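**Student:** Before I ask anything, let me first share the structure, which is written out below as structure tokens.
The values are calculated or read from the model by the stated rules, or taken from the named source; none is laboratory data. Keep in mind it's a predicted model, so treat the numbers as computed, not measured. Note that each Cβ is placed from the backbone with ideal geometry, even for glycine, and that neighbours are counted across all protein chains shown. Areas reflect the complete protein model, heavy atoms only, side chains present, ligands, DNA and RNA absent. Shrake-Rupley method; radii C 1.70, N 1.55, O 1.52, S 1.80 Å.
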Amino acid sequence: MAQTNARNHINTNYFSRTLSWIRLQLRQQAFFANMEYKFVRSWAKFVCRAAADNITSIWDLLPRYPSLVQPPPHIRQFLEYLVVTMQQLMGPLPVTDWSLERKPESYLPWLHLILLEFEAAQDMPEAPRLFSMLPQSSNQTQFITISSTSLQK
């Protein structure tokens, strides 16, 4: 049961945590700092897809994102570096629901790195929320109510 919970937890949260981490990285660049949130979110999805799908030429994906325009050369280099770095750290590629389901433990180092960076960013104005690496087991008993009245009987 605990193994299934851990597998489901990783599978459910992997991409949302990764996208939050990418947005954190993008917001640290002046090009993205004052950009509307919906465009930053689109850039994050673009980077995540390029990294998770193990795409070598990320700019071949750009036509699939019509709201995005060709960035300046220094931002292109930054995005390429970000994708390559992610591909080295994310775990087995390509990252799919099937691969997350099959070997969830392979992706824990990536989630741990994300958590460490989120902890370091807590003093920022729009700091990402911290999360637990694995599901928290509940020790609460359901449907049992213990009160002083029931104890007296």
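**Student:** How much accessible area does Met35 have with a 1.4 Å probe, in Å² rounded to the nearest 10?
**Tutor:** It works out to around 40 Å².
**Student:** I need the peptides 19-31, 50-62 ranked by packing, meaning the mean over residues of other C-beta atoms within 10 angstrom, with the highest value on top.
**Tutor:** Working: 19-31: 17.8, 50-62: 15.6.
Highest to lowest by the protection proxy: 19-31, 50-62.
**Student:** Here is a follow-up. Return, ordered by residue number, the residues of the range 6-35 whose backbone nitrogen is under 16 Å from a label point located 7 Å along Cα→Cβ of Ala121.
**Tutor:** Hits in the range 6-35 for Ala121 at 16 Å: 14-35.
**Student:** Roughly how many percent of the accessible protein surface of the range 1-47 is carbon and sulfur, given a 1.4 Å probe and a whole-percent answer? Intermediate values should be presented prior to the final figure.
**Tutor:** Details: 1170 of 2460 Å².
That fraction is 48 percent.
**Student:** Something else now. Can you give the longest run of the chain that contains no GluC sites (Glu not before Pro) sitting in a DSSP loop with at most 15 other Cβ atoms inside 10 Å?
**Tutor:** 37-125
**Student:** Same structure, new question: So, for the range 16-112, what is the accessible surface per residue at a probe of 1.4 Å, expressed in square angstrom?
**Tutor:** 54
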